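The values are calculated or read from the model by the stated rules, or taken from the named source; none is laboratory data. Just so it is clear, the model here is predicted, and its values are computed rather than measured. Here the Cβ positions follow ideal geometry from the backbone for every residue, glycine too, while neighbour counts run over all protein chains shown.
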Amino acid sequence: MPRLLLLLPSTTYRAEAFLNAAGLLHLSVTIGMERIPEGLPVSSDDVLLLDVRHPQAAAQTVVAFARDHPIDAVIGVDDVTAVTAAAVAEAVGLPHNSLASVTTAGNKRQMRELLSGQGIPVPRHKVFPLDGDPMEFAKQVVYPCVVKPLILSASCGVIRANDEEEFSGAFHRIGALLTNLGLVERDEQARWILVEDFVPGIEVALEGLLTQGVLQPLAMFDKPDPLNGPFFEETIYITPSRLAFDLQQKVVACASRTAEALGLWEGPVHGEFRVNEKGVWVIELAARAIGGRCSRTLSFASGMSLEELILRHALRMPLPPLTRQEQAAGVMMLPIPYGGRLREVRGQAEAKAVPGIVELTVTAETGDELVPLPEGTRYLGFLLARGKTPEEVERSLRDAHHQLTVVISASPPTAADALSSSAQSRAMRF
């Protein structure tokens, strides 16, 4: 029975989908992670404790494990574990991306420097040390700009600044976030902050699969909500894209050039791009699949999930045609309206009854402390819809979202709960 080594962070939405796919393929699964969390749906005997933030050390542990338990495929589900997966695959002799390529793809500074040097459009950028003077740095950038950590994902810590005062506030806020997450102490990249030009335009996401350096696009997602700041909370993804066909082809071509420039060679990639009158701009191209539960929008031949497709590819099993089923689909990552403790989410039955809605999952639990972006690292939950057209799917998601009322008990004010005055004025029903 083939053995999959599935590398997971301590918290993730991605475990269930990959474990389900592994079950369909009758794989033996070993989970590699730093600690065993409560509620993990496998026996502790199937967990290999690894320091996933130190790839080479993790690889040595896996090599020793593989002497008695050979590994046939290794998958990382986020930016950190993707780096470790590359190191492990190299150590045990599996097809893999180089450690350097995945590391560069996961570091916003390194990626932008490499791509700009090869003529691939990325925002102009500077990096500043976290322990420096933000008021001095504020004089060295062009406004509007976007201030963000070199690491973290899902728009966590990403803030637009329109002037020097906003820049200083954003800089301090991101520094506090990185410190509170404990990253400054253990990760050199968390001691720097990236500042880049704000690129206006339409934002899309591309899901793809690399085989010996050749990119096969799997799906393109529209993001119909404008992402102009001050924070960049992604809410709705819809596929197929409504971009003109020639623009979609330009995005795919840009993604292919980006993967080649980074040196990515094998496995899933997830890209974020901005499109405007000047062309296609790379925001990121990560050596992993799409995050959260967004992959549930994708279904391939015979109803195959994205995760099963990825596992089949890694194990060199037969693959179906890599085209998604024709029905339009979309997902809404339910935003957290403001900070506090979750009491309940009302209107769930009404939301599920909206035509086109196929799934509503509230992942936050009663009593959980909720933190909105830019400090937040999670969503309230997910809505999934299907329909004949992208427009129909978008309407279903918005109508269902309107049925939900989130009841939150306010916590004492903290920096993490700070929101713009316009956001504070929003009602609890959203």
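Looking at 288, 274, 312, can you tell me which residue is out of contact with any helix residue (DSSP H, G or I) (no Cβ under 8 Å at 6 or more places or on another chain) and under 27 Å from residue 89 (Cα atoms)?
Only one candidate qualifies: 312.
Being surrounded by fewer than 20 Cβ atoms within 10 Å (Cβ to Cβ), closer than 23 Å to residue 82 by Cβ and either more than 16 Å from the chain's Cα centre (by Cα) or among the charged types (D, E, K, R) (or both), is that true of even one residue in the range 233-250?
no
Only residues that are in contact with a strand residue (DSSP E or B) (Cβ under 9 Å, 6 or more places away or on another chain) and either part of a loop (DSSP other than H, G, I, E, B) or among the hydroxyl-bearing types (Ser, Thr, Tyr) (or both): list them for the range 106-117, please.
Scanning the range 106-117 gives 106, 116.
Among the residues of the range 119-127, are any assigned to a helix (DSSP H, G or I), modelled with pLDDT of 95 or more and small (Gly, Ala, Ser)?
Checked the range 119-127: no residue is assigned to a helix (DSSP H, G or I), modelled with pLDDT of 95 or more and small (Gly, Ala, Ser).
Considering 1, 33, which residue is surrounded by fewer than 21 Cβ atoms within 10 Å (Cβ to Cβ), touching a strand residue (DSSP E or B) at 6+ places or on another chain (Cβ under 8 Å) and of a type in the set (A, V, I, L, M, F, W, C)?
Sole residue among the options that is surrounded by fewer than 21 Cβ atoms within 10 Å (Cβ to Cβ), touching a strand residue (DSSP E or B) at 6+ places or on another chain (Cβ under 8 Å) and of a type in the set (A, V, I, L, M, F, W, C): 1.
Quick test of your reading of the structure: residue 353 fulfils all but one of (1) closer than 20 Å to residue 18 by Cβ; (2) surrounded by fewer than 17 Cβ atoms within 10 Å (Cβ to Cβ); (3) not hydroxyl-bearing (Ser, Thr, Tyr). Name the failing condition by number.
(1)
Could you tell me whether any residue of the range 220-227 is touching a Cys at 6+ places or on another chain (Cβ under 7 Å), crowded, with 19+ Cβ neighbours inside 10 Å and either at pLDDT 95 or above or not hydroxyl-bearing (Ser, Thr, Tyr) (or both)?
The answer is no, given that none of the residues of the range 220-227 is touching a Cys at 6+ places or on another chain (Cβ under 7 Å), crowded, with 19+ Cβ neighbours inside 10 Å and either at pLDDT 95 or above or not hydroxyl-bearing (Ser, Thr, Tyr) (or both).
Of the residues that sit in the range 149-169 and are at pLDDT below 90 and of a type in the set (Ser, Thr, Tyr), which one is nearest to the chain's Cα centre (by Cα)?
Selected residue: 153.
Check residue 142 against each of (1) out of contact with any Phe, Trp or Tyr (no Cβ under 7 Å at 6 or more places or on another chain); (2) within 22 Å of residue 284 (Cβ to Cβ); (3) touching a residue at least 60 places away in the same chain (Cβ under 8 Å); (4) aliphatic (A, V, I, L, M) and name the one condition it does not meet.
Every condition holds for residue 142 apart from (3).
For a quick check of your reading: which strands (runs of 3 or more DSSP E) sit entirely within the range 1-105 and have at least 3 residues that are more than 24 Å from residue 364 (Cα to Cα), without any contact (Cβ under 8 Å) to a residue 60 or more places away in the chain and in contact with a Pro (Cβ under 6 Å, 6 or more places away or on another chain)?
none
Residues to consider are 310, 290, 336, 357; find the one that is of a type outside the set (Gly, Ala, Ser) and either touching a His at 6+ places or on another chain (Cβ under 6 Å) or on the phi > 0 side of the Ramachandran plot (or both).
One residue alone meets the criteria, 290.
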